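Undergrad: Quick one: the structure is below, questions incoming.
The values are calculated or read from the model by the stated rules, or taken from the named source; none is laboratory data. Just so it is clear, the model here is predicted, and its values are computed rather than measured. Heads up, the Cβs are rebuilt from the backbone with ideal geometry, glycines too, and the neighbour counts pull from every protein chain shown.
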């Protein structure tokens, strides 16, 4: 970012580097400047993610797109607004979480540098929005991709803590492994819950079909017994 203003070309270059070369990026990342820059970055990342969700709605993809027509488009616009607000909230909540993790790992605990780091980590938001598309193709495939994105986020967070905020690498690794284990646990819980829900819905539909068939059979038998006077 330029000292006298916000440079979008620098933002694009930094975003690519943060995603593709997180170790190199966070080793040389600058945390100087006011909170204005990280707030702008968060709003941009949230807007990009929201636009991706909006595109899915226009293409009729996902829950938003499944509503169709003007309703789906309106909900898609709300997704943009919600994504922007979520990014702004996530910027500061994420900063607080990183501050706590850095305190545990004996890293820097100055809030402003941590907010800068938090804003750079939000670059993962558009990636998550793209990954959400695959949940429509296949729920398990989508869940796996979301898990992969979250794992990569932890990979980025590790370098952000150790390279930019000088946290101890061994303690940071333990923290990342704990979070990774929780993500994997939640992944399998989600898969089991999805299967249980589908099995319940399938059994419920079978019961309804069976009840409907019995009702029609009773009506038919009644007509045969009493005669058809229609």
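Undergrad: Residues of segment 36-74 being at pLDDT below 90, within 20 Å of residue 122 (Cβ to Cβ) and surrounded by fewer than 19 Cβ atoms within 10 Å (Cβ to Cβ), which ones?
TA: Listed by number, the list holds a single entry, 55.
Undergrad: Of all residues in segment 157-169, which are surrounded by 15 or more Cβ atoms within 10 Å (Cβ to Cβ) and either touching a strand residue (DSSP E or B) at 6+ places or on another chain (Cβ under 9 Å) or not in a helix (DSSP H, G or I) (or both)?
TA: Hits for segment 157-169 are 165, 167, 168.
Undergrad: More than 30 Å from residue 28 (Cβ to Cβ), assigned to a helix (DSSP H, G or I), under 27 Å from the mean Cα position of the chain (by Cα) and modelled with pLDDT of 90 or more, is that true of residue 154?
TA: No, not satisfied.
Undergrad: Okay, next question. Pick out the one residue from 77, 114, 81, 93 that is in a helix (DSSP H, G or I), more than 20 Å from residue 11 (Cα to Cα) and at pLDDT 95 or above.
TA: Only one candidate qualifies: 93.
Undergrad: Run residue 47 past the list (1) assigned to a helix (DSSP H, G or I); (2) within 19 Å of residue 157 (Cα to Cα); (3) touching a helix residue (DSSP H, G or I) at 6+ places or on another chain (Cβ under 8 Å) and report the number of the one that doesn't hold.
TA: Here residue 47 clears every test but (2).
Undergrad: Looking at 93, 81, 89 in this structure, which one is under 16 Å from the mean Cα position of the chain (by Cα), surrounded by fewer than 15 Cβ atoms within 10 Å (Cβ to Cβ) and under 14 Å from residue 47 (Cβ atoms)?
TA: Exactly one of 93, 81, 89 is under 16 Å from the mean Cα position of the chain (by Cα), surrounded by fewer than 15 Cβ atoms within 10 Å (Cβ to Cβ) and under 14 Å from residue 47 (Cβ atoms), namely 81.
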